[in-house]
Structure formats: structure tokens, C-alpha cells
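Take a look at the structure below.
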Amino acid sequence: MAVYRRSYRPYSGALTPEWSRFLVLFRYFRRNLFRSKIQTGFFVLCFFYPIICLVIIYLAHSASFLAKLEIPSQLISIDNMFFFRFMSVQGVLAFLMTTFAGPGLISPDLANGALPLYFCRPFSRAEYVLGKSAVLGILLSQITWIPGVVLFAIQASFAGASWSWENLWIIGSLILGSLIWIAILSLLAMALSAWVKWRVVAGALLLAVMFFGAGFAQAINAVMRTDAGHFFDVGYLMAAVWMSLFKVDAGRGISAGEAWVAILAYCSVCLWLLLRKVRAYEVVR
Amino acid sequence: MNDRIIFEDVSKFYGEILGVNRINLSVPPGITSLVGPNGSGKTTLMNLMTGLVKPSRGRIEVLGCATDDPENLFKFVGYSTQFDAFPKGLTGFEFIYSYLRLSGMPRQDAERSARQAIERVNMVEAASRTIAAYSKGMRQRIRLAQALAHNPKVVVLDEPLNGLDPLARSEMIALFRASAAQGCYVIISSHILHEVDVISDQVILLSNGYVVAEGQIQSVREEIQEHPTQILIRCNRPRELAARLFEAEYTIEASIHKDGRGLLLKTRDADRFYLAVNQLAMNGIQIESITPADDDVLSVYEYLIGSEEVIR
């Protein structure tokens, strides 16, 4: 019979708050992301259009300069349509950024069976998903609503209090519209990468969901003479939501309410797929 | 606080697939080895112990702590999985440091603990290199370091000796022994039976999701009645000794050892043989040594699980 000295001393120091631990994942994956020069280059490129918008705002408030260029000042209007266009361009860039960065978030962990390493400590599945989605969430925020709000603030400083007060709702639209887009992109990217466990294939699938989804939607609409095909087109659904948020006339097609419901349904399905796959174990049948 | 790892009527089914069934265990401190063929439920048992999977039925307590309370459980439980998986681009130090931070350790404490753990597994020189450049043995050691880094009282190690060279194995075994000597619970699964035999204070033998035996290996061997105990006797006149042994009713079989300097006795009553040793040693027979020949893990494994499944 072994004799034990029982000299074991556990760690008795302070612990960091539970809520902050997912940020550890965020820090490491963000650093890895920017090791790629292409990724960093594309991230910088994403600020090209906001800079153009900044110049436009400046020009809109420089009547003398416009006169020198012989551009009628009525041509440049900083309103909800201006910010809707900004949102649409940055939304496309956010999607492209997601196809670069999203699929590599979870698939390597799943492919290598690394999830037990995360979960054999006080760290839950929800925190894992939150930590991973924070990488995309913060990254995409930097190219969508944050520059949008900065542009709004600059415009407000030029245009004065009355314009700001009248158009204050645009800030809400910028933030909400961006966040819902970031949520669907992050969840789609993570769910697909968790499902196929292969980074390249997950990236291709993400592109397929967007582009083939749009094609499939058009085919259904044409063959069945309906608008219901749009429910397969995530880009269209998001555009419908943005149009309602920015009070832009949507024309024909499905309503904003239907688009909201469809987007939330997509998010729920992705979350369900993700939680089914993000487990500490896998049964080999 | 209970000082044991307790399984009470625990079953785990993955849908229709059996993980483990009706497990009742009370694991004391020291080195406990889980032994069994592939698919016998070793990893499931470890995952249950660490709360990574919830039991379909039954109750598990690790030193009085429920396994569904990770915040408290992982203060004193460390787990090293058998998978060779590491986040991309991390160095050995960063790997351990980041998981300590994930456990909630503040920066300075995490740095200090990571360095200590790296020293314990003898990886100081390689700590600043990326794990991708490590050999299999180094990866195994750094994984062990992450399991030990927060100084857990219960260390659960899935196949910790796989891929290690003999020197690294002996270093790791020394590490397990040192932990056990401190009063820690070291739970190991291994296919390398002769090493299990050498290092374990107790074994748990699993087959098809059931525990077929548990306890100290000698006690387990004594419980196996259908297989006679084998004893190797080294002596100067084995033939004479064999003749005398055949006179005793407890002898089932006695065969001369192939080197001619001893004999192998098979008996159903080893205690009576041991009592009779002095009488047997008279008449000029010099007995050099008497050693049990089949109270090791390998023999018990063969008897209980079957020779076709033995992994040597």
C-alpha cells in the first residue's frame, strides 16, 4: 500500500471574472488573423470607401470648392440614402472579410478534436462560441457601423444640430443593421465550418450560400411566378431589412417583417447546427 | 469533503451506442490505470469524470464536487486528452499560458504557472518554439504540462505515454509518481500493459463499457478463481522439488523452467504453498526466489478480457 505525504497545495490565487474569459480566445485568433498579409491588406482596403464617403461629406459642405469644380451642390446629398449606400458597400466587404476569416475559426478545433482542451476548464460551449464570434464581431464592426457612426458624427458637426436631431435615427439603423448582418455572417461561417470541418470547403460553402442562394431564389421566382424564392437569398433578405431600417423604398418583393423573420430563422438554424457540433466528444458510428 | 472519485451506477449512452454501463467505482488517491481494448469505454469514463459528458444515468462526484459544476471542478482537475490538437501558431509557452488564462488565472500567475509546468516536463528549451515544430513526444509532454499547469489534485491523462521515447517515458512516470506521492489522484489510460503494471497503485479493467475488475492488481488476481495461480520458483534442484510438490494436493501442474534452473507451479491455493515452503526447502533444495508469475496486469487482462484482445 502506497503511503502518501499529502503535501499537495492547490492554486489559491484570485481568478479573473467569468464573463471576461472568452476574450482570451478573441485575442489569440485576432493576432493569428493579422499574420496573413493578404488579410491585413484586405482589412485596410475596407476603409477605402469610408474615406471616399468622408471626402463626399467634406465636399457637400464646401460650396466654394464645389463651385470651383463646377459641380452643382444639389448633386451631393447626405441623407438616409447616402448611409444606406455606405451600409450596402461595407456589407459586401464584411461578407468578403467573413469568407477569409470565418471558416478558420472553428473547423481546425473540430478537425483536430481540440474541443475537450477548451471545455476541460471553467469554460462553456456558449463562451466558446461567443469567443469565436467576438473575433468576427469586433473585426466586422470596425468596417461597418463604427466608421458609419464616425461619418454620421462628422456630417452632424458640419450640418448642425437641427440636421443631427432630425436624422438621429440613422445611427440606430447603422448599428442595428450592421449587428444583424454581422450576426448572420458569423453564425453562417461558424456553422458551416463546424459542419464540414474543412476550412477551404467551409469558405466555398459560404460563397455558395450567398451566390447560389441568390440564383436559386431567382429560379424559383421565375418558374413559380412568386416572390417566395427570396427567402433562399440571404443577401436579398438583408437588403430588405436595411431598406426598412434606412426608410428606403423597397419596391416589390417580400416585406421587411418577413425578411426579419427569415433572418432570425437563419440565425436560429445556424446556432442549432453550431451547438450540435460544438461538443467535447464525438460519437464514431 | 469526500476524498474519492465516486461513480454510482453510472451509464452513458450516445444515442443507441453504449459508452459505459452501470459503473460503480470509488477511486482513492494514487495512480489508477484504466485498461481495456479500444472502444471499451476508457475515454468515456475520463470524459464523465471531467464533466465533458453528462451521464445518461447515475451520479459522479470528484472529491465531493459534482461534475456539472465546472467552475469549481476544474480548480482541482486537470485533463490531457489523447488527441494531438493544438491551436495554430502557438508556442509551447503560449499554449499553456493561454489555457491558464482561459481557466481564469490572472496574467502574472498564469505566466509563473506556465513556466513551472514547462520545467516539470523538461521542455524549457523548446518552450519558445511553435508547437507545429515539435516532435510527437514533445507534443505529448506539452499537453501533459497544460494538464498539470494549474497544479490540479486530480490529473486525468488519456494515453499519456503514447509517442514518448524510453527516457521521456521514465521521466513522465517519475512525474506521475511524484504527483501521487503528494496525495494527488493520477488517472491514466494506457495500452502499454507492462508500464501500467509497474506504475499503478490500482487498475480498472474495462471491456465493452463494463468494469470487469478494479482494485490492486494482486487483489484482482486473487479473485480470479478459475485460473490457477502461477508461481515461479528458482532453485538448484527443480526436478526434486517438482516431485515433492506433486505430493501436495494443492499442486495442479509443475513444469521445469526452460533454463533448467527453476520450475513453474500452478496451484489453486497459493497460501498453502507459501506455508509449506520451509518444509520443501529441506533435503538440500536451495530456493533462491519465489515470485508470482501471473499477478501482473497482462495476465489479469488475458484472464478477464481475453487473450485475443491483449495489447502488449
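Please treat every number below as a calculation from the coordinates, not as lab data. Small disclaimer: the values here were computed from a predicted structure and weren't measured. Neighbour counts run over all protein chains shown; Cβ positions are idealised from the backbone, glycine included.
Residues whose amide H lies under 5 Å from that of B:LEU206, counting only those 5 or more places away or on a different chain, are B:VAL35, B:GLY36, B:VAL212; hydrogens are built 1.01 Å from N in the peptide plane. In a simple Cβ point-charge model (Lys, Arg +1; Asp, Glu -1; nothing else charged), chain A has a dipole of about 1660 debye relative to its Cα centre.
Separation of the alpha carbons by more than 21 angstrom is noted, of A:LYS132/B:LYS136; A:LYS197/B:LYS12; A:LYS132/B:LYS153; A:LYS197/A:LYS277; A:LYS197/B:LYS54; A:LYS132/A:LYS277, for A:LYS132/B:LYS136; A:LYS197/B:LYS12; A:LYS132/B:LYS153; A:LYS197/B:LYS54. At q = 0.12 Å⁻¹, what log₁₀ I(q)/I(0) does the protein assembly as shown have when each alpha carbon counts as one equal point scatterer in the Debye sum? For the requested q values the scattering log ratios are -1.17. Between the residues B:GLN216, B:ILE188, B:VAL121, the greatest Cα displacement towards the positive end of the dipole of region B:5-222, with unit charges on the Cβ of Lys, Arg, Asp and Glu, is found for B:VAL121. What angle do you read, to the nearest 10 degrees and between 0 and 90, between the alpha-carbon axis of helix A:22-33 and the longest principal axis of chain A? So the inclination is approximately 70 degrees. When the charge dipole of the protein assembly as shown is built from unit charges on Cβ atoms (+1 for Lys and Arg, -1 for Asp and Glu) and taken about the Cα centre, the candidate among B:CYS65, B:LEU161, A:TRP165 whose Cα reaches farthest toward its positive end is A:TRP165.
The dipole here belongs to chain B: it is taken about the Cα centre, uses +1 on the Cβ of Lys and Arg and -1 on the Cβ of Asp and Glu, and is about 940 debye.
The amide H of B:GLY30, built 1.01 Å from its N in the peptide plane, has B:CYS184, B:TYR185, B:VAL186 as neighbours under 5 Å, considering only residues 5 or more places off or on other chains.
What shape does chain B have by the C-alpha gyration tensor, where a ≥ b ≥ c are the square roots of the eigenvalues, rounded means a/c under 1.5, and otherwise prolate means a/b greater than b/c and oblate the rest? Since a/c reaches 1.5 and a/b is larger than b/c, the shape of chain B is classed as prolate. Taken along its three principal axes, the alpha carbon spread of chain A comes to 96, 53, 34 Å, from the longest extent down to the shortest. A cut-off under 9 angstrom between Cβ atoms defines the neighbours of A:GLU127, and their net charge, with Lys, Arg +1 and Asp, Glu -1, is +1.
Taking the charge dipole of the protein assembly as shown about its Cα centre, with +1 at Lys and Arg Cβ atoms and -1 at Asp and Glu Cβ atoms, the residue from B:PHE7, B:PRO37, A:VAL135 reaching farthest to the positive side is A:VAL135. Annotation note: trypsin sites (Lys or Arg not before Pro) in region B:237-298 located in DSSP loop regions with a Cβ neighbour count of at most 16 within 10 Å are B:LYS258, B:ARG261, B:ARG268. Taking the 0 to 90 degree range and rounding to the nearest ten, how far is the long axis of helix A:125-143 tilted relative to the main principal axis of chain A, both from C-alpha atoms? Helix A:125-143 sits at roughly 30 degrees to that axis.
Taking A:ALA189, A:ALA153, A:ALA67 in turn, the Gaussian network model of chain A (Cα-Cα springs below 10 Å) assigns the largest fluctuation to A:ALA67.
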